[in-house]
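Below: the structure, in structure tokens.
The values are calculated or read from the model by the stated rules, or taken from the named source; none is laboratory data. Just so you know, these numbers come straight off a predicted model, no measurement behind them. No Cβ is skipped: glycine too gets one built from the backbone with ideal geometry, and neighbour counts run over all protein chains shown.
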Amino acid sequence: MARVPAAEGVFTWPSDEPRLIGSQCGACGIVTFPSQGSCPRCAATEMAERLLARRGRLWAWTTQEFPPPSPPYGGPTGAAFVPYGVGYVELADGVRVEARLTETEGLENGIEMELVLVPFRTDADGNEVVTFAFRPVGGERSRA
Amino acid sequence: MDVAIIGVGLHPFGRFGDRTGIDMGAMAIRSALANAGVAWRDIQFAFAGSYEIDNPDAVVALLGLTGIPFTNVYNGCATAASVLALAADTIRLGEYDLGLAVGMDKHLPGAFSSDPRLYACPSWYGELGHFLTPKFFGMKINKYMHDHGISAKTLARVAAKNYRNGALNPNAFRRKPLSEEEILGSRMLNHPLTQYMFCSPDEGAAAAVLCRADRALRYTDKPIYLRASVVRTRRLGAFEVHSPWLPIEETAGPTVDASRAAFEKAGIGPEDVDVIQLQDTDAGAEVIHLAENGFCRDGDQEALVAGGALEIGGRLPVNTDGGLIANGEPIGASGLRQIHEVVLQLRGHAGDRQVPGEPKVGYTQLYGAPGVAGVSILSV
């Protein structure tokens with residue numbers, strides 16, 4: 001079964017160590033995620049792609065216990081839905097990115113998280129569609 | 001140019017089968033016109049808010065095609081606050097004396113959904129399950145509780161208060177009191193928010209008749225003066241809904257900005273307010289908004305709620321008609337329901353829900369996607 005990314009241009013693919021693809025403003029230096037074409041702070045159009053750090057600290061989180069409305073949600077619904085965590089991870093690039101979290105328990109603000117790719121759904125051709133998520137580092141909690 | 005509210009009207013909130021949103025809007029308008037003692041032909045301009053209805057101004061088909069300027073407004077869950085602010089500003093500009101603000105909506109049950117690209121978010125943001133509002137509120141209160149020592153019991157107490165107040169409100173959707181245990185024990189949706197801690201989308205309409213303050217006494221012996229009606233959107237660094245990323249440098253949210261601007265315009269402070277309506281999308285939002293609107297410091301809410309300060313008889317009565325939790329949320333109408341309740345309170349006509357001590361100053365706050373807030377301050 002082949003693996004395909006859930007979206008183009010959001011994380012590096014294919015890669016042994018995927019990175020999220022953000023952008024940085026050449027005029028004012030702010031970093032965004034995902035990559036965008038103009039600056040949300042200074043309105044300049046000098047954004048350049050920037051690969052973001054693979055590790056960071058959990059800044060805020062919750063759990064998604066019910067399937068999001070479909071459309072637009074493309075994942076499994078009904079009995080096939082599996083609750084997931086969602087939160088913001090603060091990266092050294094100076095940005096907090098919103099991401100799926102691999103756990104729904106044991107989450108605490110401040111713990112170290114690392115980027116992983118996880119299965120999201122199976123597409124019509126039988127490919128495993130993968131998306132980005134953050135997982136607590138080492139299974140043990142390390143706090144700032 | 002000062003502005004007064006001389007009439008308010010409401011169509012009950014809930015679910016009403018085949019009755020259309022526009023029908024509900026017409027009923028709310030008729031009620032407001034009667035309350036003001038004016039006729040539709042006297043209205044010189046109008047603004048109407050709705051999410052579901054493309055052209056809520058089509059309500060004129062049921063009232064009279066008088067050719068007045070009638071503009072439709074949509075501004076997320078802050079729509080009705082924007083309708084009110086625009087109507088008030090139109091009078092303040094000096095060209096019109098008497099106008100109408102109305103909001104109406106009829107939503108399907110369940111979480112709101114849309115195309116993320118319509119919110120400047122990438123389409124994968126929706127496909128992957130991020131394009132949801134309840135999740136944002138879950139994250140925001142979860143973090144706030146962690147940072148400021150608020151307990152889940154406080155969330156349940158706030159929700160229970162609003163259900164209890166809703167039971168006193170014949171126009172509310174949910175009129176059955178729920179215990180804190182039932183609320184905490186209901187289905188978890190987005191930790192720590194359970195099902196009964198959330199409002200739900202529903203149906204309803206509300207309207208207000210506004211006029212120049214110096215003419216108000218022609219219509220009523222107790223005009224309610226609109227001392228401020230302010231709308232603000234988020235600045236970069238605010239923690240807002242539908243944000244795939246946030247910068248590290250934090251700024252205050254649009255509610256804080258709108259609140260400060262409104263108090264400044266009105267020339268008063270939070271200590272002067274007697275009756276309050278806050279956006280309780282969920283119980284956590286009411287807790288956070290209490291501080292964001294300047295009524296307490298972060299963390300004070302734990303003791304305030306435990307001590308009953310937010311009850312009808314308390315020092316800071318909040319959502320005396322049950323708020324969004326008991327009334328549900330028809331987006332276009334919600335903020336005008338807040339106005340309706342505050343006006344009743346200031347007139348002394350709130351019956352079983354009346355805040356004692358002759359309240360003189362009222363305050364309303366709305367918040368909605370993608371990060372817009374509306375605040376109004378009213379006084380006798």
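Tally up the residues in the stretch B:52-77 that are free of Cβ contacts under 8 Å to residues at least 12 places away in the same chain and on the phi > 0 side of the Ramachandran plot, please.
Total meeting the criteria: 1.
What's the total number of residues in the stretch B:117-135 that are at the interface with chain A (Cβ under 10 Å from one of its Cβ atoms), touching a residue at least 12 places away in the same chain (Cβ under 8 Å) and either farther than 17 Å from A:Glu8 by Cα or of a type in the set (A, V, I, L, M) (or both)?
5
Take the residues in the stretch B:74-99 that are of a type in the set (S, T, N, Q) and under 13 Å from the mean Cα position of the chain (by Cα); name whichever of them is modelled with the lowest pLDDT.
B:Asn75
Read through the list (1) under 18 Å from B:Gly237 (Cβ atoms); (2) surrounded by 14 or more Cβ atoms within 10 Å (Cβ to Cβ); (3) more than 9 Å from chain B (Cβ to nearest Cβ), then give the number of the only condition that A:Tyr88 fails.
(3)
Give me the pairs: first residue in the stretch B:7-34 and more than 21 Å from B:Ile325 (Cβ to Cβ) and modelled with pLDDT under 95, second residue among the aliphatic types (A, V, I, L, M) and part of a helix (DSSP H, G or I), beta-carbon distance under 7 Å, and six or more apart or on different chains, which are they?
none
Looking for something facing another protein chain (nearest Cβ under 9 Å) and under 22 Å from B:Cys121 (Cβ atoms) - is there at least one such residue anywhere in the stretch A:14-22?
Yes, the conditions are met somewhere in the stretch A:14-22.
Tell me the residue from B:Ala283, B:Ala216, B:Ala261 that is more than 15 Å from the chain's Cα centre (by Cα) and within 24 Å of B:Leu310 (Cα to Cα), please.
B:Ala261
Could you tell me whether B:Ser114 is of a type outside the set (D, E, K, R) and free of Cβ contacts under 8 Å to residues at least 40 places away in the same chain?
Yes: the conditions hold for B:Ser114.
Looking at (1) farther than 17 Å from B:Gly9 by Cβ; (2) more than 14 Å from chain A (Cβ to nearest Cβ); (3) outside any loop (DSSP other than H, G, I, E, B); (4) not hydroxyl-bearing (Ser, Thr, Tyr), which is the only condition B:Asp105 fails?
(1)
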